[in-house]
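The values are calculated or read from the model by the stated rules, or taken from the named source; none is laboratory data. Keep in mind the model is a prediction, meaning the values are calculated, not measured. Every residue, glycine as well, gets a Cβ built from its backbone with ideal geometry; the counts of neighbours run over all protein chains shown.
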């Protein structure tokens, strides 16, 4: 696929290939469907306009994902007016293991409970500062490696790991206060 001339059909094909993952990431970072659709569209427009700057030493998907993540982080910052810093308290938390939720079968009641639980956790993730919701989304939901996250966010790997550590700690504290102890088992 030749993108050197900004071929619209070739770019349309790339949009088709990546639109699902870009929208999914946007939805998790910005927290609502309308803003996610707007962020995804904006990311594709920005990518098309910057196509001449795309260096072929990186994968197109990583480059596009980085543009989309930057758009989403900006949108999330703009939409979150009341953000509290949680850096200090998260650093003090020694136990940073991710919350483990066992699967207890597929009966309808449990499916509804899990769906509600998942929605509550996603809302908690969306309430975190954008840099934390971004790394949680990228690592746990998009299955990106530290290296891919580092490249996408243009941060050193150590900083990515620190953000992920703090994000997990912040999410854990939110979960402990939001859920009954039996819900966390």
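If you go through the range 128-160 and keep only what is touching a residue at least 60 places away in the same chain (Cβ under 8 Å), surrounded by fewer than 18 Cβ atoms within 10 Å (Cβ to Cβ) and more than 10 Å from the chain's Cα centre (by Cα), you end up with just 154. Would you be able to say whether some residue in the range 117-134 is assigned to a loop (DSSP other than H, G, I, E, B), in the same structural domain as residue 155 (by TED's automatic domain parsing) and modelled with pLDDT under 75? No: zero hits.
Please verify whether residue 12 is out of contact with any helix residue (DSSP H, G or I) (no Cβ under 9 Å at 6 or more places or on another chain), more than 30 Å from residue 171 (Cβ to Cβ) and modelled with pLDDT of 80 or more, treating the condition exactly as stated. Considered against the rule, which asks whether it is out of contact with any helix residue (DSSP H, G or I) (no Cβ under 9 Å at 6 or more places or on another chain), more than 30 Å from residue 171 (Cβ to Cβ) and modelled with pLDDT of 80 or more, residue 12 comes out as yes.
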